[in-house]
1. If contacts are Cα pairs under 8 angstrom and at least 6 residues apart, what is the relative contact order of the chain in percent?
2. Rounded to the nearest 10 degrees, what's the angle between the helix 36-62 long axis and the longest principal axis of the chain, both from Cα atoms, 0 to 90?
3. Pick from ILE24, ILE54, ILE32: which residue has the top mean-square fluctuation in a GNM of the chain where Cα pairs under 10 Å get a spring?
4. Say we join alpha carbon atoms closer than 10 Å with springs in a Gaussian network model of the chain; which of ALA35, ALA53, ALA21 then has the biggest fluctuation?
5. Helix 6-30 versus the longest principal axis of the chain: what angle, 0 to 90°, nearest 10, using Cα atoms?
6. Provide the gained length on full extension for the span TRP10 to VAL41, in nm with one decimal, where the gain is 0.36 nm per separating residue minus the Cα-Cα distance.
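No lab work stands behind these numbers, since they all come straight from the coordinates. Quantities reported herein were computed from a predicted structural model and do not represent experimental measurements.
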Amino acid sequence: MNGPTRNELWFRLVFSLAGLALLIAVVLTRGISNAAALVEVVGIAGLFFGGTAIWSALKLWRSRG
């Protein structure tokens, strides 16, 4: 298999889900102000963690056999 191993994909998936959980916790406790920088940071972090989680889950799903 080319690319990351299954163990690395599991690590990436767990790390990404933990990052999304922390991001959601911060938004729920602090809220999103009208500051453009905060929205940009939350958006970029959400795309990074969400994209990595989806990518890792798809790779794991396809290689499960």
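1. 54
2. Roughly 20 degrees, rounded to the nearest 10.
3. ILE32
4. Residue with maximal mean-square fluctuation among ALA35, ALA53, ALA21: ALA35.
5. 10
6. Details: separation 31, 0.36 × 31 = 11.16 nm, distance 2.53 nm.
Computed gain between TRP10 and VAL41 is 8.6 nm.
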